[in-house]
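Here's the structure we're looking at; comments come further down.
The values are calculated or read from the model by the stated rules, or taken from the named source; none is laboratory data. In this text the structure is predicted, and so the values were computed from the model without any measurement. Counting neighbours? That spans all protein chains shown, and the Cβs are built from the backbone with ideal geometry, glycine included. Side chains included, ligands, DNA and RNA excluded: accessible areas come from the protein's heavy atoms. Shrake-Rupley method; radii C 1.70, N 1.55, O 1.52, S 1.80 Å.
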Amino acid sequence: IVLANILAGTLIEHRDQLLAATKPGGSIVLSGILGNQVDDVRHAFSDNVDFDPPSRRDDWALLSGRRT
C-alpha cells in the first residue's frame, strides 16, 4: 500500500515515484486533493491505476485504487 496525503500538484509532480513504489496489483491511496482537482489527479495516474469512485468530505477528496 502506498499512501500519500499531499496537495494535488505535488501528487502529480511525484507521480513516477509514487507509481514506482506501488507494485502491480498493489493499492495506492491519494488524498489531500481539493474536490475540483480530482479529475486532474485521476488523469495523471489513469494509465497505471484503476481508481474506485472518489470519496469526498467537505471540499476534500480521496482517490484509491489498484496499480495495473
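Structure above, values below:
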item	result
Filtered residues of the range 35-59 (kept if out of contact with any Gly (no Cβ under 7 Å at 6 or more places or on another chain) and open to solvent by 60 Å² or more (accessible area, probe 1.4 Å))	Asn36, Asp39, Asp40, Arg42, His43, Asp47, Pro53, Ser55, Arg57, Asp58
Considering residues of the range 32-67 that are touching a residue at least 24 places away in the same chain (Cβ under 8 Å) and among the polar types (S, T, N, Q) only, the residue nearest to Ala20 (Cα to Cα)	Asn48
Qualifying residues in the range 12-32 (those that are of a type in the set (A, V, I, L, M) and more than 13 Å from Gly65 (Cβ to Cβ)) - the one surrounded by the fewest Cβ atoms within 10 Å (Cβ to Cβ)	Ala20
Hey, Leu3 in contact with a Leu (Cβ under 7 Å, 6 or more places away or on another chain) and in contact (Cβ under 8 Å) with a residue 12 or more places away in the chain or not	no
